[in-house]
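Undergrad: I am attaching a structure below and will ask some questions about it afterwards.
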C-alpha cells in the first residue's frame, strides 16, 4: 500500500502544478506536464508525452474558462473549433512521428524545443 503513495502524491502534485500554471499563464500540457511527469513520477519521455495528451482529453480547462467568463473575458467559439480541428490533425501526425524517435533523441529534441520557446 505505501509503495503507491509516492505515485499518488507525485501525480497530484504534477496535476496541481500544471493546473496552477495553466490558469496563471495559459500554458500547461507539454511545457509543464511532460517535465513534471518525468521528474515526479519517473515516466520516460514517450509515456510522459502520451500521458499529457490523455490529460488534455479531459475538460481540465473548464474551471479556468468559467473564471475568465465571470470576469467578462470572451472567447470566440468558431476560432476554438478551428484550432481544435487543426490540433487533432497535428497531434495525430506528431504522435506518429514521436513514436518513431528513440527515447534519448526525443528527450533532447524536447529540451531544445523548451529552450527555444524560453528565448
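The values are calculated or read from the model by the stated rules, or taken from the named source; none is laboratory data. None of these values were measured; they are calculated from a predicted model. So basically every Cβ, Gly included, is an ideal-geometry build from the backbone, and we count neighbours across all protein chains shown.
Undergrad: For the stretch 91-115, give me each residue that is touching a residue at least 12 places away in the same chain (Cβ under 8 Å) and outside any helix (DSSP H, G or I).
TA: If the condition is that a residue be touching a residue at least 12 places away in the same chain (Cβ under 8 Å) and outside any helix (DSSP H, G or I), then 99 is the only one that fits.
Undergrad: Starting from residues that are over 9 Å from the mean Cα position of the chain (by Cα) and under 20 Å from residue 67 (Cβ atoms), keep the ones in the stretch 23-52 and report whichever is surrounded by the most Cβ atoms within 10 Å (Cβ to Cβ).
TA: In this case the residue turns out to be 23.
Undergrad: Further, regarding this structure: Quick one: is residue 74 closer than 25 Å to residue 24 by Cβ and over 15 Å from the mean Cα position of the chain (by Cα)?
TA: The answer is yes for residue 74.
Undergrad: Going by the conditions given, is residue 8 surrounded by 13 or more Cβ atoms within 10 Å (Cβ to Cβ) and either part of a helix (DSSP H, G or I) or in contact with a helix residue (DSSP H, G or I) (Cβ under 7 Å, 6 or more places away or on another chain) (or both)?
TA: No: the conditions fail for residue 8.
Undergrad: Taking the stretch 25-63 on its own, how many of its residues are outside any loop (DSSP other than H, G, I, E, B), at pLDDT 80 or above and more than 22 Å from residue 107 (Cα to Cα)?
TA: Counting residues in the stretch 25-63 that are outside any loop (DSSP other than H, G, I, E, B), at pLDDT 80 or above and more than 22 Å from residue 107 (Cα to Cα) gives 2.
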